[in-house]
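The next block holds one structure in the form of structure tokens; read it before the comments.
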Amino acid sequence: MTRAESAPRVHVDRARCAASGLCLAHVPEVFDQSDTDGRVLLLDPEPGPALAGRVRAALARCPSGAITLRGPEGPGHDLEET
């Protein structure tokens with residue numbers, strides 16, 4: 001099984017995004033903000049275990065719920081920390 005098949009993926013719903021920038025503040029390696037509309041841009045959909053805690057923090061603090069994790073077991077599958 002490859003990393004892409006087994007690793008949870010970060011998904012963003014740009015239409016739902018409130019453009020608060022909290023995700024970018026927590027994990028700039030994974031999220032960016034559009035210069036045009038201020039909404040979230042996903043830089044790395046599979047950030048891996050090293051960033052798991054920070055990705056979960058961004059997900060928990062997203063005011064619009066625009067960030068989700070999806071994995072082999074479906075939506076909500078969590079990233080593992082090492």
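The values are calculated or read from the model by the stated rules, or taken from the named source; none is laboratory data. Every value quoted in this text rests on a predicted model; they were computed, and no experiment measured them. So basically every Cβ, Gly included, is an ideal-geometry build from the backbone, and we count neighbours across all protein chains shown.
When residue 56 is tested against (1) modelled with pLDDT of 95 or more; (2) surrounded by 17 or more Cβ atoms within 10 Å (Cβ to Cβ); (3) not hydrophobic (A, V, I, L, M, F, W, C), only condition (1) is not met. The set of residues in the stretch 34-48 that are farther than 13 Å from residue 24 by Cβ and either surrounded by fewer than 12 Cβ atoms within 10 Å (Cβ to Cβ) or of a type in the set (S, T, N, Q) (or both) comprises 36, 37.
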